[in-house]
Every structure is written in C-alpha cells, then in structure tokens.
Amino acid sequence: MSGDAAAQSLTNDLAQRESRSPPLLPARLNNGASLASGTSQGGLSSIDTSSEVQPPETLAVPTTASADSNLTLPAPMLGSNNITSPLSAGPISPYPVAGSSPASSGGIPPPPPINPKDLEEMLTTGTRMIKYPSKSKSKPAERLIRVDLSSLQIFWESKKKKADLRYVDLHTIKEIRLGQNTKGFELHGRKPEQNDRSFSVIYVQAGEYKMLNLVALTREDAARWVSGLHMLMGQADISGGDPARLSHNMSTWLRKQWNEADTSRDGRLDLDEVTDLMKKLNIRLSKSEVKSTFKSADIDKFGHLTFPAFERLYRLLRFRPEIGELFSSLSVTRSAPVITYDEFARFVLVTQKNDWTEDRCLEIYQKYAAPDGGSMSVDHFSAFLLSANNTIFKKAHTLVFQDMTRPLTDYFINTSHNTYLLKDQLKGESSVEGYIRALQRGCRCVELDCYDGANGSPVIYHGRTLVGKLPFRDVVEAIGKYAFVASPYPVTMSLESHCGPEQQVVMATILREVLGDALLRKPLSDKETRLPSPEQLMGKIIIKGKILPAGEDEACESDEETDMGGNPVPNLANVVDVPLHSVAASVSDSPVAGELTSPTSQQQQQQARRRKSDEDAALTLTLSRKRSSPKMSRKCAVAKPLAELLVYCKGVHFRSFAAANEGFSFDYMCSLSEKKSLELLAKQRSEYTAHTSRWLTRIYPAGLRITSSNYDPVPHWAGGAQMVAMNMQTFDRGMQLNNALFNLNGRCGYVLKPRSLREKGVAKQGSMVLKIKIISGQQLPKPKDDVSSSSVIDPYVELEVAGSVTDNVKYRTRAISNNGFNPMWNEEFRFLVTDPDLALLRFSIYDMDVKLTNDLVGSYAIPVQSLEQGYRHVPVYNWKGDLIRFSSLFIRVVIDRPNSPHPTHIAGGGPGVSGSTVPLVNGGESVAGSSGSSVSVTQPMAPLLSRTDSIEQSTSPASASPPTVPMRVESKFPPSDAS
C-alpha cells in the first residue's frame with residue numbers, strides 16, 4: 001500500500017471510530033458540575049469523598065468530618081494504605097478489626113473553619129514556608145510553595161534546580177509526615193518550637209524516595225496545607241473507579257506530557273513535536289500516518305495542534321476494539337448501542353462470577369451508566385471494566401477475613417532482612433526510613449543487628465561492612481511510632497546482638513522506656529503449651545533474641561554468621577548480669593580469587609555452595625583482616641535484663657529435627673539460611689513440615705547476596721516456614737511474590753497457612769484448572785521510563801504460576817513489534833494447579849531487545865485464591881514497585897474445579913504435540929470445556945529458564961512429581977456468557 005493510501009486508510013479508520021463511538025463520558029462530580037472532555041478543570045470542591053473498598057494495591061483516602069466546618073478533612077496517607085490522622089500524630093488502622101483506634105497524642109491541630117474555595121485559593125496562590133533540604137551542603141531557605149490544579153503538582157521556587165526538579169506529582173506522594181521526623185530536619189537541627197508547624201511530603205521521583213521538608217509560618221497554615229494536600233491526593237487517586245475522576249486524571253496526565261513536549265511554551269505543537277510526543281507515548285505510526293493524523297486533528301488548518309485537539313486525537317487512538325467486541329456481544333438491543341440493566345446483571349453474575357445481590361448490581365449499573373437513569377454505552381462499560389468495582393483482586397481478601405485466633409506457628413509472617421538497609425549489603429545507606437517503609441508495607445518482623453557503640457550507646461549496622469551506623473534508640477523510637485500504623489497485629493523485633501553485657505543492659509532499658517506498655521514483658525499465661533494467637537497479641541511488640549546453653553558462653557554471632565552447628569539445646573538457667581572478658585579472634589583469611597561476583601561456571605557454583613558461612617562470606621572476603629575489628633567476634637553472654645524480655649521467640653541453634661523434638665520448648669525458634677532450608681526440604685520434607693507446624697522458623701538470605709537480591713520464598717513457605725526474611729528494598733521476583741502473598745488478609749502481615757501445613761494427615765485442597773487469556777495491553781511504558789530512547793518497545797508477557805513443587809511453570813506470549821500503546825495478543829494459557837491455597841500467579845512484561853537483554857517493563861503478582869474471574873484489568877508496577885498509572889493488561893480468567901479428590905492431569909499435550917486435539921481428563925472424563933469437549937492446542941513453549949543465576953535465584957527442591965505442563969490455546973475472542 002502506498003503512503004498516500006495508508007494515510008487515507010488511517011483517516012477513514014479514525015472517522016469510523018469516532019462515528020461509531022458515543023461522546024466521551026462526561027465527568028460527574030459530587031457538586032453536580034460536569035467535566036467536559038479535553039478540559040483541565042479541577043479543585044477541592046470537585047472531590048468525591050464517597051467510601052469504596054479498594055484493592056490492596058491502592059487504598060482510598062479516608063475522611064474525617066470537621067464538626068465546625070463543611071470542609072472534609074481526609075486523613076494523611078502513610079504509603080498506599082497506612083494512615084495518620086491530621087488531627088493527631090497517632091496511627092489509625094484502616095483495617096476493620098477489633099482493637100484498632102486512633103491515638104490521641106498531640107500534633108498539627110485541625111484547621112479553623114474554612115470554605116473549600118478559600119482553601120483552594122490559598123494552595124494555588126501559594127504560601128511562603130521554610131524549605132529544609134535533605135543535603136547538608138544546602139541551607140534552609142524561605143520558598144513560595146504552591147499547587148497547580150491543572151497538573152495536580154506541588155511547585156516551589158528555586159534558583160539552582162532545574163524546572164523538572166522543582167515539583168511533586170500528587171499521585172507520587174507516599175506519605176505526609178507530621179513534625180520534624182526526616183533526615184532534612186536532622187541534618188540542619190530540629191527546633192522544638194517549630195514542630196507543630198512542620199511537615200514533610202515524602203514522594204517518589206525516578207524510582208527514588210524524595211522528601212520536601214517544610215515549616216509553615218503559623219500552625220493554621222500547616223494544618224490547612226496538610227488537609228488541602230490530602231484532599232487533592234484523593235482527587236489524584238484513580239483507584240476508586242469513579243468515571244469523573246478517571247477522565248479528569250487521564251486529562252491531567254496527558255496535559256503534563258503535552259507541557260513537557262511544548263518546549264516553546266506557546267500552547268501548541270507542530271508536526272515534529274507531535275511526532276516526538278507520540279513516540280514518547282509509545283504510539284508507533286509511519287511518517288505518512290502521522291502526517292495524515294495530524295491533518296485530521298488540525299481542524300483549523302493552522303499547521304499546529306492545541307491541547308484540546310491533541311487530546312481528542314489521543315482518545316480516538318485509544319479506542320479499544322477488544323472492549324467494543326465484548327460490548328457488542330453483550331448488547332442485544334438493536335435500537336441503540338447500549339447495554340441494559342438485565343444484560344449488565346447477566347454479565348457480572350454469569351461471566352464475571354461476582355457474588356452480588358440484585359441491589360448491588362443495580363447500584364453499580366447506575367454508578368457507571370448515563371446520568372438520570374440512562375443506559376450504559378461502550379465508554380461507560382469501559383469505565384466499569386477499569387474500575388475498582390471490577391478489580392482482579394477479590395474484595396473479601398482486602399479485609400482481615402481469616403481466623404486470627406490460631407497459634408503464631410499457624411501463620412506466614414511478613415518478615416524483613418537487615419531492615420535498616422536501603423540499598424546493598426556492603427556499602428548501602430542505613431536509615432530508620434528502612435524500618436518506617438517496611439512497617440508501612442505491613443511487615444511484622446524487623447531485624448536489628450546491634451553492636452557496641454561509642455559512649456555506651458549501642459548502634460545498629462551491618463558488621464564488617466562500610467554501611468553507616470544508626471543509634472539503637474532512634475530505631476526503637478521509629479518502630480514504636482510506626483509498628484501498628486498498617487496493622488494492629490504483633491510486631492517482632494529480631495535482635496541479632498553483638499553487644500557486650502553492659503550495652504545489652506542499655507538496650508533493655510531503651511526498649512522498656514520507649515515502647516512502654518506495647519512491649520511484651522511476660523507470657524500471657526503461666527500454663528501455656530503453645531504460642532498465643534495474633535489476636536491475643538494485638539498491639540504488642542515481641543523481642544526475639546538468642547539464648548545460650550547452660551554452663552557455657554558463646555561467640556556473639558548471629559545465626560546468619562554460623563552454619564547451623566551442633567550446639568546443645570540451650571536454656572535460661574545460666575544467664576548472667578556481669579560482663580565477661582572479651583577474647584580477640586581473627587576474621588576469615590580465605591584467599592580471594594578475583595573480584596566478588598556471582599559464580600558463572602558449574603565449578604564456581606559448587607565452590608560457592610560449599611562455603612561454610614551463609615551470611616558474611618562474601619563480605620569478609622572484601623575486607624582485609626587489618627580492617628576488621630577484633631571486637632567483632634568476642635565472646636559474651638546474654639545480660640539478664642535483656643534475657644528477661646525474650647518471650648515466645650527464644651532463638652536457638654538448629655541441630656536436627658530429632659534433637660528439636662526431644663528438647664525444644666514451645667517458645668523456641670531457629671533461623672536457617674536459604675541454602676540449609678532447601679537442603680532440608682530436599683532430604684527431609686515431611687520432618688521439615690512437622691517441625692514448622694510446632695515451632696517458628698525464620699529463613700534468611702545467603703551472604704553472597706550483597707546487592708540485596710532476594711531468593712525464591714515459595715519453596716520455604718511450601719515447607720511451612722513462617723518467617724521468610726526478604727530484602728524489602730529490592731523489588732525483584734522474590735519480593736514481588738512476597739507482596740502477592742501478604743496482599744492477602746487485609747495486608748495485616750499474617751496469612752493463615754493451609755491446613756495441610758498446620759495439621760498432620762490433612763490433604764491439600766482439590767486441584768483446579770486455571771485458564772488465563774492475555775487479550776491486550778494498555779499504555780505500556782519504556783523500561784524504567786527511559787524517555788531518552790526514541791524506539792518503541794516490543795512487549796511480550798511472561799505468565800508464571802509459583803507454588804508447591806508441582807506448581808512451578810512459566811510461559812510467555814509472542815512479542816508485539818513496535819507497539820507499547822495498545823498491543824493485542826489474544827493468547828490463552830491453561831495451568832493445572834494442584835495446591836491453589838499456596839499458588840501465586842505472576843505477570844511480567846518485557847521489552848524484546850535485539851541484543852537479547854530483555855528489559856522488564858512492569859509486573860504484577862497475585863495469590864491464585866484471590867483471583868476474580870471474568871474480564872479484568874491487571875495493574876502494572878515498575879521495577880521499584882510503584883504503580884504505573886494508566887498502564888494495564890486486559891485478561892480473562894476462568895477457573896474450573898473438577899469434582900474429584902484425585903489430582904487432575906493433562907493427558908498428552910507434551911512438548912511434542914503440535915496442532916493436535918488434547919482433552920484435559922479427570923478420571924476418564926474430559927474437563928477442558930464446559931460440555932466435556934476437547935480443545936485445539938498448538939505446541940507448548942519450552943519452560944523458560946530463570947533470568948537470574950544460581951546465586952540470585954534459588955530453585956525449588958527436587959521432587960518425584962513432574963511439573964504440570966500448561967497449554968497455550970489459540971482461539972478467537974471468547975464468548976461472554978459461559979466458560
């Protein structure tokens with residue numbers, strides 16, 4: 001086809017799309033106003049504060065009504081789901097469970113009565129405040145701080161910084177922290193008299209945490225800014241599915257992209273600028289197509305496009321034929337292209353499998369249909385599909401729905417490793433922010449590596465490394481403030497104490513003083529034979545530490561620095577309250593054979609696996625003996641004041657399962673390296689599972705993970721290990737799976753283990769056949785938001801099920817060339833899941849690179865048990881774990897549960913089958929289709945190898961059971977009513 005013919009074809013296609021697509025959905029605002037398409041209106045008066053249960057990835061800002069004013073005060077957010085009231089400095093739990101209530105400590109007071117319009121004018125006009133930089137070389141200075149409602153951004157004046165470094169996108173804000181509680185205030189000196197008018201806006205820019213530290217001139221200004229910002233954060237949040245908010249935020253986002261492309265600042269773009277902007281938005285058009293598109297949008301024939309004209313063009317290009325096709329299959333009304341209530345109700349009940357009442361169906365239909373009792377057009381239907389009312393994550397699982405009265409041993413517990421580190425293990429930054437962020441994300445077990453500090457004050461840092469040191473008191477204070485912000489259930493402080501008895505006494509004193517009544521100081525009962533439940537321990541902080549054998553002392557080494565030696569079972573009979581003499585010991589003098597890198601050859605891998613130290617081997621090799629402190633490995637005992645605080649989590653060495661059965665008390669626990677745990681799982685799985693059903697077990701990463709990479713946590717969960725410690729600063733595959741599991745149960749940090757891991761002789765839940773159809777993608781960005789690249793991505797999707805030893809398979813779609821804007825796959829995959837309670841489903845989007853260095857675009861993981869069925873949109877998170885706004889995958893989920901206690905298997909369908917008809921059978925009966933019919937399949941793709949080497953990614957233990965072979969099914973767009 002010639003260039004002119006192609007251009008004319010595209011013009012005709014755009015015209016046809018516009019003619020058959022109804023007008024863009026008008027935005028319905030809570031004040032009755034309407035937001036027209038292509039405008040950039042906004043403001044505090046247009047915020048919809050209706051409450052709606054959100055998916056765990058994003059939580060709506062709750063509101064607190066002021067008794068003296070019509071102004072609605074949203075509670076400030078901590079992370080995406082952790083909240084601190086602007087009326088107090090105390091935490092409020094967003095979870096509907098007993099025992100959580102706001103604290104009543106002081107803080108920024110509520111603002112005096114103010115009209116929302118006046119507050120809006122104050123924010124947009126700006127307020128002069130003192131800005132505290134986060135670097136010591138810069139000094140605090142007075143700056144004009146203002147909000148731009150058209151772009152939903154905070155701006156401040158600066159003579160030094162570039163324009164793109166002087167703003168904060170409201171949707172990137174992670175937290176508004178009251179008082180002087182950030183590094184910037186610490187660097188420049190805290191001033192108590194300014195505390196009640198100080199606050200910090202913590203946000204993410206280019207994948208890094210940033211802080212805007214401000215001191216208002218009056219307390220009233222500070223309160224108004226905090227309240228106003230949270231109201232605007234609510235407006236920037238698109239998770240609630242409100243059609244008006246979604247439309248407005250799309251327009252706001254597009255306006256921002258437009259402003260960045262409009263380098264001349266004349267409010268218009270010429271052909272070259274439009275071409276560059278389309279490439280940035282991952283829209284790939286030929287030169288002739290761009291030219292034709294430009295001409296069709298340039299209504300006035302001025303040779304340039306204004307923003308309303310470009311937005312109109314952009315929305316036409318975003319027309320989604322797959323939704324149009326689904327809409328047409330549902331709409332049987334011939335008089336107009338609409339979906340009636342009856343058609344909508346059938347769709348959400350039969351296809352989507354929603355457990356909704358008739359009233360709920362009607363409520364949702366009226367929410368998204370045209371105002372005043374109108375019908376549902378394709379745009380209204382599209383808005384519903386994208387909303388939180390159609391989330392892929394089960395609504396019930398966003399709440400605490402599991403039994404919380406079981407012993408602690410019956411739960412998986414969200415656990416952090418070396419929590420104080422923000423980056424790598426060797427020279428990464430140490431900060432109390434590590435604890436704050438972990439606790440905000442629902443972590444329930446944090447780690448503190450404690451060493452003797454100067455002037456008798458213990459410090460926390462990673463021994464034998466170059467990381468910074470943190471005062472023990474500062475860390476404990478941060479934990480005390482944030483422990484129960486995200487969840488009311490108990491927090492465990494895992495102390496790896498390397499301190500002498502004198503500073504151990506100091507540690508015990510600090511713990512008692514700072515934590516107060518929240519510190520668990522004694523058992524709940526004198527007659528306990530098993531650990532108490534999370535519900536019984538709500539609001540309590542548990543201290544975990546090592547206890548020593550009777551009659552002997554031991555080197556001050558953490559479990560992570562030893563190799564699970566054969567020490568006898570210890571007890572508390574011989575703890576001392578006097579210091580012991582230190583004995584100098586040298587560090588390892590193993591020769592260094594080259595640079596410290598992950599082994600690449602098989603021989604190197606075997607050498608690495610034989611290394612005796614699981615945690616500090618790599619670190620020791622990087623430092624000379626002369627630079628290592630002789631105090632690092634001196635011998636000491638546990639001071640009595642600290643030993644008295646060890647309740648329920650008394651750390652002991654693991655010798656063997658038999659020794660544990662003979663001598664372990666119910667309140668003992670042990671720590672295993674990832675390597676040791678996998679070895680035990682491979683050789684003694686049944687004994688491992690029996691052990692973890694009775695005693696807490698913590699798993700920690702290998703010492704060779706100096707880049708803070710994570711191992712695969714699933715094999716350890718499959719063995720019943722409760723505390724699988726993760727490097728939470730690294731959002732790799734391991735951390736993605738960890739997030740997926742703990743999104744369950746209201747993100748409270750505790751997930752009930754399957755019965756088969758809690759009770760002896762209980763079989764696993766019946767298997768299921770999981771069918772996932774990858775239909776399309778929407779607005780997929782370049783990897784790591786690389787705007788410098790002029791190329792358009794070639795995306796493909798990897799689909800992985802991770803679970804028990806028989807449920808670990810990974811497959812992928814084909815790559816779509818030059819289309820990250822609206823790629824279409826229409827590929828279906830089928831997986832047999834033998835243990836649905838443990839299985840996790842992970843989506844990963846990659847850019848196919850000709851250099852074979854495929855880059856991650858984004859990912860999402862979800863427990864299989866939390867999957868909603870039907871047509872759903874999958875959110876996409878970037879390499880740092882932040883939501884990529886407006887990016888998604890459109891999929892269909894169908895779950896078949898065979899009515900048989902025996903596992904289903906796939907007959908035939910192996911790698912050698914190509915184009916054959918292969919039924920899924922169960923006891924001789926086909927379960928592939930709704931009527932028992934077989935399906936036509938193409939040759940399955942070979943399983944993909946992990947993208948990381950043996951150090952960066954551990955594999956599951958070997959098993960006699962072969963892995964399930966999924967099938968990729970090529971089919972047309974599936975019917976809308978039956979599975």
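The values are calculated or read from the model by the stated rules, or taken from the named source; none is laboratory data. It should be emphasised that the depicted structure is a prediction, and the values quoted were computed from it without experimental measurement. No Cβ is skipped: glycine too gets one built from the backbone with ideal geometry, and neighbour counts run over all protein chains shown. Please note that ligands, DNA and RNA were not included when accessible areas were found on the heavy atoms of the full protein model with its side chains. Shrake-Rupley method; radii C 1.70, N 1.55, O 1.52, S 1.80 Å.
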* Asked: How about region 307-407: which trypsin sites (Lys or Arg not before Pro) there lie in a loop by DSSP and see at most 10 other Cβ atoms within 10 Å?
  -> Arg334
* Can you work out the FRET efficiency for the pair Ala659 and Arg685, with r the C-beta to C-beta distance and R0 = 22 Å, to the nearest 0.05? -> 0.75
* Hey, rough spin-label estimate for Glu157 and Ala261, points 7 angstrom out along Cα→Cβ, what's it come to in nanometres? -> 3.2 nm
* For region 121-162, build the charge dipole from Cβ charges (+1 Lys, Arg; -1 Asp, Glu) around the Cα centre, then report which of Ser134, Ser151, Leu123 sits farthest towards its positive end. => Ser134
* By how many nm would the segment from Lys295 to Lys764 lengthen if fully extended, with 0.36 nm per residue of separation less the alpha-carbon distance? -> 162.6 nm
* Asked: Once you sort the root eigenvalues of the Cα gyration tensor of region 635-719 as a ≥ b ≥ c, which label holds: rounded (a/c under 1.5), prolate (a/b larger than b/c) or oblate (the other case)?
  -> oblate
* **Label point distance in nm, Thr218-Asp359, each placed 7 Å from Cα along Cα→Cβ** => 4.7 nm
* Asked: For region 356-482, which whole percent of the accessible surface, found with a 1.4 angstrom probe, sits on carbon and sulfur atoms?
  -> 48 percent
* Asked: When the chain is fully extended, how far beyond the present Cα-Cα distance does Asp882 get from Ser329, taking 0.36 nm per residue of separation?
  -> 195.5 nm
* **Entries of Lys395/Lys540; Lys522/Lys546; Lys764/Lys810; Lys353/Lys784; Lys137/Lys782; Lys546/Lys683 with Cα pairs more than 24 Å apart** => Lys395/Lys540; Lys353/Lys784; Lys137/Lys782; Lys546/Lys683
